[in-house]
Structures are given as structure tokens and as C-alpha cells.
Amino acid sequence: MPTLSLKYGKACLSCSVSETRTLRVKQRGPFPDPLNAIRRALDNPIGTPRLREIVQPGEQVVIVTSDITRYTASELYLPVLTDDLNRCGIRDRDITILIGLGIHRKQTTAEHRQIVGQIYNRFSVVDHEVDQPSELIDLGSTSSGFPVHVNRRLVEADRIIVTGTISLHYFAGFGGGRKGLIPGVASRTTCMATHFAIFNPVEIGGRSPQARPANLQGNPVHHAILEAARMVNPDFLLNTVLTPDKKIAGVYCGDLEKAHLKGCQQAKDLYTVPIDRLADLAIVSCGGHPKDINFIQAHKALDYSVQAVKPGGTLILLAACPDGFGNDSFFHWFKYQDLQNFEWALRSNYEINGQTAFATLLKARSWRIILVSSFTREQTERMGMEKASDLNEALMMAKKKLPRQPDIVVIPEGGIILPELTSQWI
């Protein structure tokens, strides 16, 4: 039998299994030289003029970029972008790099250096303050009544450039684009309100089926975030699409929506993998550190990978989670074990991490999930899953409820691959 070696934290776990299918990201290379790709995108924006036709000498410019949890190749594109601004007559002291933390923690000086790269000492680099009223400006409300509060620097600046990377997102469809602003530099209230759109109206109940990865059409979360982001009225977008090994596959510049949509097409082509049938068992690695640094991050792999498994089938998830759950507000939500009560509690007091907990329990009630992680048996079972000490034990547990000749699929990079069924499964 073939031997599997799958990433688990900073190590690997191995085992022998019967014949399997392996789902991997499609290779679409060769990919462009990164610096040339950035320059070409800046010179050929989608839906807007070039920066030299937008900015004026002496204007104040804010560049929004992602925090350390989302690698974007910012250390490559920020030097090119700021040099372009310099050529437009924008001085270094008139440029602020604003780190879009959303509800994440502040960054360290070392992390700022890593994000900004070689130009770190030339510019003011500041973290967004999600809970600091003096750092926020009220832009009003969306058509649905969502309040829109954003970092005051955006309103005070003459020009706003939002940057980031486009990847799959488990209920907003894709990251990047509008998400660089909302939730990137929004208040906690705004973050929660836009993400709350995942739920159907109360008279219907449940989650919107359109709020799913790789889908923007009719996605209520996407539309809520986009409407709020448009109220910020950014002047320019720069987004990358990255390969699994963090190389630039594409760069998209220009209009907040039009350039982002173009990049989403490449991201979907790169990260969705067609399958012609559903499996009895999926063996899934998140992709190792940092994709399984905590459970909130590891949940992405779980959410994508169940799409390859028959309803009621089994999934083994390898997620080391050395940093635990990822947020103190996550695990306490599992005091709700009845899904209807859980949903009503979220509707009454919505939290993004509560939504992730709800999504976890929802999947655990639809599939059998065996978790290999650092969590205790009690913690694992509270999340609706079964604990295994290692991959071999997980396989032994799985086989007890599998057919005699199970259809097995292996997903080595579960945090970035979305299986898509290409035929009607019966």
C-alpha cells in the first residue's frame, strides 16, 4: 500500500492506506516575474485611470494592506507602488501604510517590518484600532441599516489605495477587494453587522446557501461588505493572486469591484479542483503551519474538504493547533449543543468567532469528523468531533464505520483547495 506523508504543524504524519485519490492545486505556470507583473498591472488598471492620472503632487495617501495572518506579497508590491506614487509627486511623508487588522491583534514591530519589507523606515506604518472610538469615523448606514464606521485616516486622506490578496473565503466567497476595507479597517460593530448577513431572514431561518466559498452571485455577505466598502470610496485597488507556495500568479489593479472580480476568476481557476464523485473518507491536512496554527484557521480546511465527502461520510482532519482555538471567544459558544438554539443565540448576540463555532458544529452533525490535534478529548467532543492521537489511530477509528472497499480521497493542502462536484451524485 502507498505511504502518505501529510503536514501537521511544523512536522509530518505518515501512514499506509489503500488506493486513494489525491486532490491538489492545478499547476498553471509558468507564472510571471513578480516585479514585472506588479508594474504591468499598475500600468494597465481595470476600470480606472492609472495612478498618475488620479493623484496630484502633495496629496495625502493612505495605503491599506493586510496583517501578518494573510500573506499578500506586500513586501514586493509596496516598494513598487510607493515608487510609482513618488513619481507622481507624492512624498514619503505624505504616505501612510495602514494595517487592516479587522478584529485581529495588533502587530509587532518585527511583523510590521515583515509586511512592509525593505521600505519600512521610509513611511508611517500604523495598525487599525477596531475598538477605539477616537480612531473611527461614522460614514452612515447601508441600505440594510448596517452602520459603517471606518478608520478616520481614510476620511482625512486625499487618496485611498487598498491592497491585499484574493483567496477563497468560506462564506464571503473570496477574500481581497472590498474585504481589505470591511472588515480590514472597520469598527467591530461594522464587522459583525456585515458578517451577520450570512443568515437568512428570521422567518426563513438558517444560513444563506449562497454564502459559500468561490461564490459571489447572490451572496448576501459579499454584497453587504461591498456596499459598505463603496461608502469608503477608495481610489485604487491592488490585489495579488498567489500560488500555494506564495509566488505571485497574477496582479490586478484598478477599480475596487471590477479589478477584484477579474482576480477572483483566476483564484477560482487555481484553487477549485473538480471531482466526479464523493468519497466515503477524506484524509485532510490543513497544509501545516501556519494554516493549522489554531482551530479558527484550521476550520477553513474543514469547510472546504467536506465538499468531497458523501453526507454522513467520514473526514480525518490533521490540525496541530499549537495556539489553541485562536480566540478566547470561540470555544464558549459550544455551550449551545442544539443547533437551533445556537442559531438563535448568534442572531441575538452575533460574533464572527461564534459563527465559526456554529459552522463547525453544523458540519460535525452532518459528517463524522475525526480530529488529530493538541486538544483534549473533552474539548474535541464538545466541538462535535472525535479525538485521535495520531493519523494511524484515526484511520483505525474511521474503518469501523466504512464500507469494505471505501472510496478514499486525500487532500494535502486542505486550507486552500475547494473540491467541486462536476456530476450529479446519486
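Read-outs: derived from the displayed coordinates by stated rules, not from any lab. Computed from a predicted structure; not experimentally measured. We place every Cβ from the backbone using ideal geometry, glycine too, and count neighbours over all the protein chains shown.
Here is how the numbers come out for the structure above:
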item	result
Using a Förster distance of 22 Å, the FRET efficiency for Thr22-Ala110 (Cβ separation, nearest 0.05)	0.05
Cut-off under 5 Å, modelled amide H: who pairs with Gly47 long-range	Asp255
Highest to lowest packing among 145-155, 219-229, scored as the average C-beta count within 10 Å	219-229, 145-155
Net dipole in debye of the stretch 363-426 [+1 Lys, Arg Cβ; -1 Asp, Glu Cβ; about Cα centre; nearest 20]	340 debye
Pairwise centroid distance, computed over Cα atoms, of the stretch 236-284 with the stretch 387-404, Å	33 Å
Taking Ile46, Ile182, Ile90 and counting other C-beta atoms within 10 Å, the order from fewest to most	Ile46, Ile90, Ile182
Longest to shortest principal axis, alpha-carbon extents of the stretch 34-270, angstrom	55, 42, 34
Cα-centred dipole magnitude for the chain, charges only on beta-carbon of K, R (+1) and D, E (-1), debye, nearest 20	920 debye
Unit charges at the beta carbon, dipole of the stretch 51-192: most positive-side option, Leu168, Pro183, Thr96	Leu168
Over the stretch 144-237 - Rg/Rh using Cα atoms and the Kirkwood inverse-distance radius	0.99
Footprinting exposure proxy for Glu378, Glu420 (fewest neighbouring C-beta atoms within 10 Å first)	Glu378, Glu420
Cα convex hull volume per residue for the stretch 335-401 (Å³)	86 Å³
Asp43-Lys401 pseudo-label distance in nm [points 7 Å out on the Cα-to-Cβ vector]	5.9 nm
Among Leu139, Leu216, Leu6 the positive-end extreme of the charge dipole of the chain (Cβ point charges)	Leu6
Estimated FRET transfer efficiency (Glu129, Ser14; beta-carbon r; R0 51 Å; 0.05)	0.65
Partners for Lys291 among aspartates and glutamates (Cα-Cα distance below 17 Å; same-chain residues under 8 apart left out)	Asp67, Asp245, Asp303, Asp323, Glu413
Cβ-placed point charges (K, R +1; D, E -1), dipole of the stretch 240-306 about Cα centre in debye, nearest 20	180 debye
Positive dipole terminus of the chain, leading residue within Val309, Gly250, Pro406 (C-beta point charges)	Pro406
Antiparallel %, DSSP beta bridges [both residues in the stretch 34-270], to 5	40 percent
Kirkwood Rh, angstrom, the stretch 214-274 [1 / mean 1/r, Cα pairs]	12.7 Å
Unsatisfied cross-links (Cα-Cα over 20 Å) in the set Lys310/Lys400; Lys300/Lys400; Lys106/Lys262; Lys179/Lys262; Lys363/Lys401	Lys300/Lys400; Lys106/Lys262
